[in-house]
Amino acid sequence: MQPGMKSEGPAASADFSGTIPYIDPHVHMADLGWDSLEMMGIGGMAAAVNPMARPDVVIKKRSGAFDADDILRCWDHMLWLAERFEKTFFYKVYVALSWGSNSRIHDADRLHRAIADYLKHGRVVAVGELGLDPYQWSTTVSQAESEAIIAEQLALAKDLGVPVILHTPMLKSTVHYIEGPRLPEGSPPWPFKVSTAKRTFAIAERVGLDHSQVVIDHSDNDLIRWALENTKAYVAISGACVWRGIAPWQAAQWVKTYGPERIMVNSDAHQHLSMDALWLPRTIREMRRVGLDDATIRRVVYENPKNFYRLSV
Ligand SMILES: [Zn+2]
């Protein structure tokens with residue numbers, strides 16, 4: 001190049017390694033369509049963790065208590081799907097099990113015994129997701145009951161020595177959510193993410209979970225800061241769903257600001273609202289654009305979830 005000519009294209013130090021493989025440590029795969037599942041593989045997904053959030057939504061049972069068999073059918077279906085998805089889409093699929101934060105169970109003792117057996121299964125890597133959420137309190141489960149339901153399952157995780165996924169709430173848009181947000185009477189005004197997350201985290205502390213066993217999920221800027229300053233837990237950013245309002249560049253910026261040590265990034269994708277199946281690989285590209293090197297990006301999108309969930313990948 002002539003002296004003084006402006007260089008065009010990537011700098012000499014730019015990385016040309018192409019797609020960086022990633023693990024999506026929180027993606028609701030059961031209701032995703034073929035194209036989304038295929039797209040995730042094309043985008044570089046090497047492994048995924050599919051958590052059980054709300055059995056009431058999965059089996060369309062909106063009131064009353066569940067039988068243990070209802071929940072066991074959900075768990076078996078998740079494991080069946082995991083095996084099929086691996087063969088079809090060429091990535092590893094793990095699951096996290098729970099009976100949700102708002103589910104009353106007739107015979108919960110059966111689930112207590114069963115979850116220990118399921119956790120011996122190589123695919124079952126965590127308990128979750130669980131967490132208080134004013135949007136999810138149904139008319140039949142009070143906040144106090146929800147706290148007790150969550151505590152019961154977190155105590156099981158403590159006894160079994162496995163990681164837990166702590167769900168935190170987010171503002172749901174009426175225009176992008178089929179049912180619209182439903183806040184019970186007397187709910188606190190938004191924002192309540194950090195205050196609700198603190199209450200859920202307090203349950204985890206009460207049952208004696210080690211912070212290293214906990215990921216505080218669906219975090220935003222305020223929650224990332226609170227969690228990193230006040231706990232030793234991991235924090236995760238979830239962004240594929242449109243009502244989260246977290247653009248890939250925004251997530252990349254938070255990783256740059258707070259460092260890779262205890263941050264994970266996930267899609268939390270599900271199919272009952274608009275979502276971007278490529279949100280996570282787009283975020284990886286934005287991490288490159290804000291100047292993070294490959295080793296830092298791999299730490300966030302691969303090594304952290306691999307180590308936290310003890311995945312055999
Ligand atoms: Zn989720």
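The values are calculated or read from the model by the stated rules, or taken from the named source; none is laboratory data. Not measured: the values here are computed from a predicted model. Cβ coordinates were reconstructed from backbone atoms using ideal geometry, including for glycine residues, and neighbour counts include every protein chain displayed.
For the stretch 20-73, a tally of residues being under 20 Å from Leu311 (Cβ atoms) and of a type in the set (S, T, N, Q) returns 1. Ile150 falls short on exactly one of the conditions (1) over 30 Å from Ala252 (Cβ atoms); (2) β-branched (Val, Ile, Thr); (3) more than 16 Å from the ligand (Cβ to nearest atom), and that condition is (3). Residues that are touching a residue at least 24 places away in the same chain (Cβ under 8 Å) and over 19 Å from the mean Cα position of the chain (by Cα) within the stretch 63-76 comprise Ser63, Gly64, Ala65, Phe66, Asp67, Ala68, Ile71, Leu72, listed in sequence order. When the stretch 210-219 is filtered for residues that are of a type outside the set (Val, Ile, Thr) and surrounded by 24 or more Cβ atoms within 10 Å (Cβ to Cβ), the ones remaining, listed by number, are Asp217, His218, Ser219. Going by the conditions given, is Ala204 more than 16 Å from the ligand (Cβ to nearest atom) and crowded, with 17+ Cβ neighbours inside 10 Å? Taking the combined requirement at face value, the residue satisfies it. Of the numbered criteria (1) surrounded by 19 or more Cβ atoms within 10 Å (Cβ to Cβ); (2) outside any loop (DSSP other than H, G, I, E, B); (3) out of contact with any Phe, Trp or Tyr (no Cβ under 9 Å at 6 or more places or on another chain), the one Pro260 fails is (2). Residues that are out of contact with any Leu (no Cβ under 7 Å at 6 or more places or on another chain) and more than 24 Å from Asp268 (Cβ to Cβ) within the stretch 112-145 comprise Arg113, Asp117, Lys120, Thr139, Thr140, Ser142, Ala144, Glu145, listed in sequence order.
Among the residues of the stretch 237-257, those identified as in a loop (DSSP other than H, G, I, E, B) and aliphatic (A, V, I, L, M) are Ala240, Ile246, Ala247.
Scanning the stretch 207-228 for residues that are within 16 Å of the ligand (Cβ to nearest atom) and not polar (S, T, N, Q) gives Val214, Val215, Ile216, Asp217, His218, Asp220, Leu223. Scanning the stretch 162-192 for residues that are surrounded by 15 or more Cβ atoms within 10 Å (Cβ to Cβ), within 16 Å of the ligand (Cβ to nearest atom), at pLDDT 75 or above and not β-branched (Val, Ile, Thr) yields Pro163, Leu166, His167, Pro169, Met170, Lys172. Does the stretch 269-279 contain at least one residue that is more than 17 Å from Asn221 (Cα to Cα), acidic (Asp, Glu) and assigned to a loop (DSSP other than H, G, I, E, B)? Checked against the condition, which is being more than 17 Å from Asn221 (Cα to Cα), acidic (Asp, Glu) and assigned to a loop (DSSP other than H, G, I, E, B), the stretch 269-279 yields at least one hit.
Looking only at residues that are over 23 Å from Asp294 (Cβ atoms) and within 16 Å of the ligand (Cβ to nearest atom) in the stretch 28-41, which one is surrounded by the fewest Cβ atoms within 10 Å (Cβ to Cβ)? Going through the qualifying residues, I end up with Asp31.
Whenever a residue of the stretch 97-123 is on the phi > 0 side of the Ramachandran plot, its partners that are crowded, with 23+ Cβ neighbours inside 10 Å and assigned to a loop (DSSP other than H, G, I, E, B), lying with C-beta atoms within less than 7 angstrom and at least six residues away or across chains, give the pairs Gly100/Met52; Gly100/Ala53.
Please find, within the stretch 52-66, the residue that is nearest to the ligand (Cβ to nearest atom) out of those that are under 24 Å from Tyr94 (Cα atoms) and out of contact with any strand residue (DSSP E or B) (no Cβ under 6 Å at 6 or more places or on another chain). Within the stretch 52-66, the match that is nearest to the ligand (Cβ to nearest atom) is Arg54.
Between Thr231, Thr283, the distinction of being more than 16 Å from the ligand (Cβ to nearest atom), among the polar types (S, T, N, Q) and over 17 Å from the mean Cα position of the chain (by Cα) belongs to Thr231 only. On inspection, Val49 qualifies as within 16 Å of the ligand (Cβ to nearest atom), in contact with a Pro (Cβ under 9 Å, 6 or more places away or on another chain), touching a residue at least 60 places away in the same chain (Cβ under 8 Å) and more than 19 Å from His272 (Cβ to Cβ). Scanning the stretch 201-231 for residues that are within 18 Å of Ala96 (Cβ to Cβ) and of a type in the set (A, V, I, L, M, F, W, C) yields Phe201, Ile203, Ala204, Val207, Leu209, Val214, Val215, Ile216.
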